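**Q** This structure is in structure tokens; I'll ask about it shortly.
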Amino acid sequence: MKLATLKEGGRDGTLVVVSRDLARAVRVPDVAPTLQAALDDWAAAEPKLRAAAERLERGAADGAFAFDPRACAAPLPRAYQWCDGSAYVNHVELVRKARGAEMPPSFWTDPLMYQGGSDRFIGPCDPVEAISEAHGIDLEAEVAVITDDVPMAVTPEAAAGHIKLLMLVNDVSLRGLIPAELAKGFGFFHSKPASSFSPVAVTPDELGGAWRDGKVHRPLLSFINGEPFGRPDAGVDMTFDFPRLVAHAAATRHLGAGTIVGSGTVSNKLDGGPGKPIGEGGVGYSCLAEVRTVETILHGQPRTGFLRFGDRVRIEMPDESGASIFGAIDQEIVRYGGR
């Protein structure tokens, strides 16, 4: 089952069920007005939403219309909680190495996670606003899950049953602001502006055999200005699976329905070492910071710049047939003009 949120009906939008081929959609006001409302009573809403999805696939859904990702907000335009992990420890190790920071051994056994701003997410085709190119604007292509209510101190085994939906993320980062913030000892704030999400969120069964071991075993494609940038497999080199990440987030608190937990930047090793660009036979990268890190390790300094105003970023995940699973995050980087 695939779900999306249209930019209509208020801040939290209008929930729609989307066909598997992302071609058609239907509103479901008799089930839930918003995705958050559906998650609040998922046990009752899910079978009704699935019935609507089945009618849509059969061509028997009244009021069905052509699905347009540009009309979509993020599946959850705002969420009660957004927790982003760093499950691909290879990425963490590389970034720390580039700035001369040792990586504690505990990073391989205890997940890293920060709590990001969740009051306003960016739609999949909406621009990413930034104040200055000097802030070091970067993409971060990730996968995320959405949970129902999760009890405190849940085990990873039990946490798996609380994962209800998956989606893609562009966790926008301002790399130039990160070092000073981390030096304060309180973590990210200004350096982590609003994130954006894929047009649709999907139930785990939509992934078929690609959803196993709490991971999504499909390549995550990133493009910058139409050029292939990354295609690492999200199921490879993921040190902490999603049930483990959810359990970590719930270690000392209950998680409310609609909590989003991200994977962190998807990153693959190559022969046990840093990856390579696609043009050099590698699978590329999911953020510019990582390629700059590899360049620093190999050449003593980075050669690739960060994003500039007017650049376009596209993030997408294909199924085995090449069809888009979640739809594409497709965004332009623009200068914020509201000051």
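The values are calculated or read from the model by the stated rules, or taken from the named source; none is laboratory data. Not measured: the values here are computed from a predicted model. Counting neighbours? That spans all protein chains shown, and the Cβs are built from the backbone with ideal geometry, glycine included. Only protein heavy atoms, including side chains, enter the accessible area calculation; ligands, DNA and RNA are left aside. Shrake-Rupley method; radii C 1.70, N 1.55, O 1.52, S 1.80 Å.
**Q** Taking only Cα atoms, what is the 0 to 90° angle, nearest 10, from helix 89-98's long axis to the longest principal axis of the chain?
**A** Around 30 degrees separate the two axes.
**Q** Over 19 Å between Cα atoms, which of LYS164/LYS215; LYS215/LYS276; LYS215/LYS269; LYS7/LYS48; LYS97/LYS269 qualify?
**A** Table pairs above 19 Å Cα-Cα are LYS215/LYS276; LYS7/LYS48.
**Q** Going by alpha carbons, how many degrees (0 to 90, nearest 10) lie between the helix axis of 288-299 and the longest principal axis of the chain?
**A** So the helix axis and the longest Cα principal axis differ by about 20 degrees.
**Q** Please give the length that would be gained between VAL334 and ASP40 if that part of the chain were fully extended, namely 0.36 nm times their separation in residues minus their C-alpha to C-alpha distance (nm, one decimal). The partial results should precede the final answer.
**A** On the way: separation 294, 0.36 × 294 = 105.84 nm, distance 3.52 nm.
So the chain would gain 102.3 nm between VAL334 and ASP40.
**Q** Here's another thing I want to ask about it. Measure off, as a whole percent, the carbon and sulfur share of the 1.4 Å-probe accessible area of the chain, all protein chains present.
**A** 50 percent
**Q** Suppose we flag GluC sites (Glu not before Pro) only when DSSP calls them loop and at most 16 other Cβ atoms lie within 10 Å. Which is the longest uninterrupted stretch of the chain?
**A** For GluC sites (Glu not before Pro) (loop position, at most 16 other Cβ atoms within 10 Å), the longest site-free span of the chain is 103-319.
**Q** By how many nm would the segment from ARG11 to ILE278 grow when fully extended, if each residue of separation counts as 0.36 nm and the alpha-carbon distance is taken off? Provide the component values of the computation, followed by the final result.
**A** On the way: separation 267, 0.36 × 267 = 96.12 nm, distance 3.96 nm.
Result for the pair: 92.2 nm of gain on full extension.
**Q** Would you look at the GNM of the chain, springs on alpha carbons closer than 10 Å, and say which of LYS164, LYS192, LYS184 moves the most?
**A** Evaluated over the chain, the most mobile residue of the options is LYS184.
**Q** Could you give the length gained by full extension between PHE309 and ILE297, i.e. 0.36 nm per residue of separation minus their alpha carbon distance, to one decimal place?
**A** In short, 1.6 nm is gained.
**Q** If the label point is 7 Å along Cα→Cβ of ARG55, which residues in the range 1-26 have backbone nitrogen under 17 Å from it?
**A** 1-4, 15-20, 24-26, by backbone N distance to the label point.
**Q** When the convex hull of the Cα atoms of the chain is projected onto a plane and the area is averaged over all directions, what value comes out in nm²?
**A** If you wrap the Cα atoms of the chain in a convex hull and average its projections, you get 17.0 nm².
**Q** Need one number: nm distance between label points at SER106 and SER321, each 7 Å from Cα along Cα→Cβ, rounded to one decimal.
**A** Distance between the two pseudo-spin positions: 4.8 nm.
**Q** What FRET efficiency comes out for the pair HIS217/ASP271, r = Cβ-Cβ distance, R0 = 22 Å, nearest 0.05?
**A** 0.65
**Q** What is the distance in Å between the Cα centres of the range 79-124 and the range 191-249?
**A** So the two Cα centres are separated by 14 Å.
**Q** Which residue, ASP30, ASP233, ASP40, has the most motion in a Gaussian network model of the chain that connects Cα atoms within less than 10 Å?
**A** Checking each option, the largest mean-square fluctuation is seen for ASP30.
**Q** On average, how much accessible surface per residue is there in the chain, in Å², for a 1.4 Å probe, leaving out ligands, DNA and RNA?
**A** Details: 14740 Å² over 339 residues.
Dividing the accessible area of the chain by its residue count gives 43 Å².
**Q** While we're looking at this one, here's another question. What are the trypsin sites (Lys or Arg not before Pro) within the range 70-123 that DSSP puts in a loop, where the Cβ has at most 16 other Cβ atoms within 10 Å?
**A** Numbers: sites: ARG70, ARG78, ARG96, LYS97, ARG99, ARG120; in loops: ARG78, ARG99, ARG120.
Sites meeting the loop and neighbour criteria: ARG99, ARG120.
**Q** Another question, then. Any chance you could check the Cα centroid distance between the range 1-77 and the range 168-188 for me, in angstrom?
**A** One Cα centre to the other: 34 Å.
**Q** By how many degrees, 0 to 90 and rounded to 10, does the Cα axis of helix 42-58 deviate from the longest principal axis of the chain?
**A** It works out to around 80 degrees.
**Q** Go through the range 188-288 and name the trypsin sites (Lys or Arg not before Pro) that are in a DSSP coil and have 15 or fewer other Cβ atoms within 10 Å of their Cβ. Before the final figure, lay out each step's value.
**A** On the way: sites: ARG212, LYS215, ARG244, ARG253, LYS269; in loops: ARG253, LYS269.
Listed in order of number, the matching sites are ARG253.
**Q** I want to verify a result. In a Gaussian network model of the chain, Cα cutoff 10 Å, which of these has the top mean-square fluctuation: GLY187, GLY258, GLY136?
**A** GLY187
**Q** Within the range 92-198, list the chymotrypsin sites (Phe, Trp or Tyr not before Pro) lying in a DSSP loop whose Cβ has at most 15 other Cβ atoms in a 10 Å radius. Could the numbers behind the result be given before it?
**A** Values: sites: PHE107, TRP108, TYR114, PHE121, PHE186, PHE188, PHE189, PHE197; in loops: PHE121, PHE186, PHE188, PHE189.
Those that pass, being in a loop and sparsely packed, are PHE186, PHE189.
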